[in-house]
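S.K.: Handing you a structure now.
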Amino acid sequence: MTETKEEAKVVGMTPSEAYKDEVVASIRSFYDDGSKYGSLSQSLHAVQAARQAVLAGAPKEVVVGALLHDIGWKLARENPKTPNGEPIYFNAPEKGCLAEQLGILTHCAIPDGADVARLRAQHDVIGGTFLRMLGFDETVAHVVEGHVLAKRYLCHAEADYHGKLSAASKRTLEFQGGPMTADEAAIFEKDPLFEACVEMRRWDEGAKEPHWGVPTWDAYEPLIRECVVRERSAPGECAGTYERRGNEIVGLVATVTTTSPPEPSSASKEEKTETALSWAPTIPAQPCLRSPRQTELLAQWQHKGYVVLRRDEWLGADAAEALSQAVWEVPKIKYDGSAPNGPFHTWEKDRAGETVPSRTEAYADHHPVLDKFLRSDDSPLKAVVAHLAGEKVALYKDKINYKAPGGGGYAAHQDGYRGLEVPQYKSPEDRGFITYVCMVAVDASTTANGCPELGWECWQRKEGWLREIKMPDQCCATKEDAVTFQDMGPYEAIEMDRGDVLIYDNFMPHRSGVNTASEWRRALFGIYYGNETEPRDLRKLYYEREAVGRRAKGSSKGGGKANAFHTGTPVIIEP
């Protein structure tokens, strides 16, 4: 991998399989050296960036560009394979480093007399040049070369972006040319991969999560092979994307096209290449689903088993207000006592001894606004859950807990599902049927009014359905039996503002207290499940059973309680 310019092959020659093997093995060895990126390894940072590209639906060339976006840092050493535990961006280029050996530095528009810090900051230019030398598809090198420019662009275009940068990133920004000027930004916006480069920068920011497990390097080696489309060439023989004056970009190279060699059935090949070169990410409507926030959520979901989204990052103020108004309408919807799809109301006494609603289940079929919110293709709640689940989801249960002043809480428990022949827990790797419980704070949720409390430290052990259910008023035959969900803490109170949403899975131990405040604490729940191998409408099946079971005759079979763990004073009102 250290051939000089004189040893380089002719540009455009179709690469041999042996050459592809050499490139794949050599690049992997670069990333197996233990180099650090903050608290992560450089390898983990790389695969987290690539994973975000995959989640965004990017073509393979952009995915590989994301994987290799920091490869320029590796060329600051004489031997990139030498283990080095220090953060790689702290290392000054060594005398005789690989970038110098390959002649890359003489073909990069780095100002004369640049110190080692400035050389180090040009990893995008060095990396893009290196990948072109190795024969990678131009799109791969293009994304690598553009991701630092995107950082400079965002500092120009977004007023608060610079303030979000780390101290180290602000320092390298100075060496990289600082925020773009308006003229540079106008040039950059004409780049056919402008949107992809900007998103690559956000993926870079999102690839810093020590608790986010993603597919390993092995998953990307076939894509690396596919993106090697030429034999090795000399530095500078394949032009870059941008015309530069030092750190400043002054134009785009006249021909920004693919360098992939023609192949049989070239129509499909050309179509794929054009897609890669013109690809732009679809920007999600909800800010929480865009990096770096999306990876923060995915990491916490994996590590702690729950996430909290604030109103404005997933729903918005107007939608939260509309939701509040809609929820007040639900207790007024009548149940005829026989419909298998509800709505099923339960009631309790409030602090003043008045009868008030405790819970309503199965209301979605009867309220078009809430049905759209929970089940439509553009449901914001469904979009967030699908992102966390990594698959399409469907509604399993819908309920509203009203919690009037003095209204009861819920004793500690898990949400176990043993009916409907769903798969049961076998191991931490095979937990069986998973539901995604979403609690939307229709009103602010505080410790005073009985906010949810989660036993996430217990959840981390992933022990499944932990104990046979013991009701709070049941006697236990043995000391061992006396261990209940109450012991599955410690429990952490999760306070939320109006419009926030808490999401956890059904194995999470949870509880909530009595509402000791003077205001209602309403919460809307949407509970979702992933696709089954043989799809069934589990919601329909579940509520058909409920209609003749717990919810028959005003929930008389359950003593009028919302469920077995409800601590309020129930009132049975038959339909």
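The values are calculated or read from the model by the stated rules, or taken from the named source; none is laboratory data. Keep in mind the model is a prediction, meaning the values are calculated, not measured. As a convention, Cβ positions derive from the backbone with ideal geometry for all residues, glycine included, and neighbour counts pool all protein chains shown. Remember, those area values only see protein heavy atoms, side chains included, never the ligands or the DNA or RNA. Shrake-Rupley method; radii C 1.70, N 1.55, O 1.52, S 1.80 Å.
S.K.: Select from segment 356-410 the residues that are more than 28 Å from E519 (Cα to Cα) and among the β-branched types (V, I, T) and list them in ascending order.
M.R.: Passing the criteria: V384, V385, V393.
S.K.: Within segment 334-347, is even one residue touching a Leu at 6+ places or on another chain (Cβ under 9 Å), β-branched (V, I, T) and surrounded by 14 or more Cβ atoms within 10 Å (Cβ to Cβ)?
M.R.: The answer is no, given that none of the residues of segment 334-347 is touching a Leu at 6+ places or on another chain (Cβ under 9 Å), β-branched (V, I, T) and surrounded by 14 or more Cβ atoms within 10 Å (Cβ to Cβ).
S.K.: Which residue out of D350, D318, D312 is modelled with pLDDT of 95 or more, farther than 29 Å from R51 by Cβ and within 30 Å of the chain's Cα centre (by Cα)?
M.R.: Sole residue among the options that is modelled with pLDDT of 95 or more, farther than 29 Å from R51 by Cβ and within 30 Å of the chain's Cα centre (by Cα): D318.
S.K.: Do you know which residues across segment 117-168 are free of Cβ contacts under 8 Å to residues at least 60 places away in the same chain, aliphatic (A, V, I, L, M), open to solvent by less than 10 Å² (accessible area, probe 1.4 Å) and farther than 16 Å from G246 by Cβ?
M.R.: A150, L154
S.K.: Restricting attention to segment 231-244, does a residue exist that is modelled with pLDDT of 90 or more, open to solvent by less than 50 Å² (accessible area, probe 1.4 Å), outside any strand (DSSP E or B) and not polar (S, T, N, Q)?
M.R.: yes
S.K.: Only one of L381, L395 is assigned to a strand (DSSP E or B), among the aliphatic types (A, V, I, L, M) and touching a strand residue (DSSP E or B) at 6+ places or on another chain (Cβ under 7 Å); which?
M.R.: One residue alone meets the criteria, L395.
S.K.: How many residues, within segment 173-220, are part of a loop (DSSP other than H, G, I, E, B), open to solvent by less than 10 Å² (accessible area, probe 1.4 Å) and either without any contact (Cβ under 8 Å) to a residue 24 or more places away in the chain or of a type in the set (V, I, T) (or both)?
M.R.: Number of matching residues: 0.
S.K.: For a quick check of your reading of the model, give me the residue pairs whose first member lies in segment 320-335 and is free of Cβ contacts under 8 Å to residues at least 12 places away in the same chain, whose second is surrounded by fewer than 14 Cβ atoms within 10 Å (Cβ to Cβ) and outside any loop (DSSP other than H, G, I, E, B), with beta-carbon atoms closer than 6 Å and at least 6 apart or on different chains.
M.R.: Once the first residue is free of Cβ contacts under 8 Å to residues at least 12 places away in the same chain and sits in segment 320-335, no partner that is surrounded by fewer than 14 Cβ atoms within 10 Å (Cβ to Cβ) and outside any loop (DSSP other than H, G, I, E, B) comes close enough.
S.K.: With the requirement that a residue be open to solvent by 20 Å² or more (accessible area, probe 1.4 Å), closer than 27 Å to H367 by Cα and not in a loop (DSSP other than H, G, I, E, B), what does segment 411-456 give you?
M.R.: Of everything in segment 411-456, just one residue is open to solvent by 20 Å² or more (accessible area, probe 1.4 Å), closer than 27 Å to H367 by Cα and not in a loop (DSSP other than H, G, I, E, B), namely Y436.
S.K.: For segment 554-563, give me the residue count where each residue is open to solvent by 40 Å² or more (accessible area, probe 1.4 Å) and touching a residue at least 40 places away in the same chain (Cβ under 8 Å).
M.R.: 1
S.K.: (1) on the phi < 0 side of the Ramachandran plot; (2) assigned to a loop (DSSP other than H, G, I, E, B); (3) open to solvent by 20 Å² or more (accessible area, probe 1.4 Å): which one isn't true of G57, the others all being true?
M.R.: Looking at each condition in turn, G57 falls short on (1).
Here's the yes/no breakdown for (1) more than 31 Å from the chain's Cα centre (by Cα); (2) under 16 Å from V437 (Cα atoms); (3) modelled with pLDDT under 95:
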{"position": "D500", "(1), (2), (3)": "no, yes, no"}
{"position": "T516", "(1), (2), (3)": "yes, no, no"}
{"position": "L524", "(1), (2), (3)": "no, yes, no"}
{"position": "I527", "(1), (2), (3)": "no, yes, no"}
{"position": "N531", "(1), (2), (3)": "no, yes, yes"}
{"position": "E534", "(1), (2), (3)": "no, no, yes"}
{"position": "V548", "(1), (2), (3)": "yes, no, yes"}
{"position": "K561", "(1), (2), (3)": "yes, no, yes"}
{"position": "P575", "(1), (2), (3)": "yes, no, yes"}
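S.K.: Would you mind stating whether G113 is out of contact with any helix residue (DSSP H, G or I) (no Cβ under 9 Å at 6 or more places or on another chain), modelled with pLDDT under 85 and outside any helix (DSSP H, G or I)?
M.R.: Taking the combined requirement at face value, the residue satisfies it.
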